[in-house]
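The values are calculated or read from the model by the stated rules, or taken from the named source; none is laboratory data. Fair warning: this is a prediction, and the values are worked out from it, not measured in the lab. Cβ placement follows ideal geometry from the backbone for every residue including glycine, while neighbour counts extend to all protein chains displayed. Calculation scope for accessible area: heavy atoms of the full protein, side chains included, ligands and nucleic acids excluded. Shrake-Rupley method; radii C 1.70, N 1.55, O 1.52, S 1.80 Å.
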Amino acid sequence: MRINRFPKMAALQYKRALRLGFDEPHAKAIGIAEATKYAIFKNLSYKRRVASEKEAVVKKYKKPETLLDTTTYEIFKLQALDGWPFVGDKIYTDEDYDRYFMKWGDEVKSKIEEWAEEIIKKCDEKVLKSENKFFNECWKPHRDELSSVE
């Protein structure tokens, strides 16, 4: 089975969040939110993304934009709404992570998560706390590994 970058990014960010002390449900939510963020906003500046997310909160959730929290997931450059990561116009939870990986099956999911865990073990905590360093030192050198699982 061919594996694209999205599930690898989700698993890698999930393991990163666990290592940084987030609990399991929030780590999974961070994993899927981060993969989504990279997929949607890879060419959009943080400032413009934050502005579009504030608009989405007002339009879709009918909540004031001031409810978006920028400190809970500051390391990941993710805003939070109701305690969960908010990307684009959606709140992400651990259920989104689990639902996404259902299509891959338990065996493939396990292999992807094992791959991610091995990478995270080798990353310095200082690198894990920096979005740019993490991207350049932990993600870029490994993103094309594990291109398929038998």
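The set of residues in the range 123-139 that are free of Cβ contacts under 8 Å to residues at least 12 places away in the same chain, in a helix (DSSP H, G or I) and either closer than 12 Å to K15 by Cα or not polar (S, T, N, Q) (or both) comprises K126, V127, K133, F135.
Flag: Y92 does not match the condition of being of a type in the set (S, T, Y), out of contact with any strand residue (DSSP E or B) (no Cβ under 6 Å at 6 or more places or on another chain) and surrounded by 19 or more Cβ atoms within 10 Å (Cβ to Cβ).
Give me a count of the residues in the range 104-133 that are more than 27 Å from M1 (Cα to Cα) and crowded, with 18+ Cβ neighbours inside 10 Å. Qualifying residue count, the range 104-133: 2. A search for C-beta distances below 8 Å between a residue of the range 89-113 that is in a helix (DSSP H, G or I) and any residue that is among the charged types (D, E, K, R) and open to solvent by 70 Å² or more (accessible area, probe 1.4 Å), counting only pairs 6+ apart in sequence or on different chains, returns D94/E24. Return the residues of the range 131-149 that are more than 17 Å from K37 (Cβ to Cβ) and among the acidic types (D, E); say none if nothing qualifies. E137, D144, E145 - these are the residues of the range 131-149 that are more than 17 Å from K37 (Cβ to Cβ) and among the acidic types (D, E). Close contacts from the range 4-20, counting a first residue that is over 15 Å from E114 (Cβ atoms) and a second that is in a loop (DSSP other than H, G, I, E, B) and basic (K, R), with Cβ to Cβ under 8 Å and a gap of 6+ residues or different chains, come to R5/R143; M9/R143; L20/K129. E117 - would you say it is under 16 Å from the mean Cα position of the chain (by Cα) and assigned to a helix (DSSP H, G or I)? Against the criterion (under 16 Å from the mean Cα position of the chain (by Cα) and assigned to a helix (DSSP H, G or I)), E117 qualifies.
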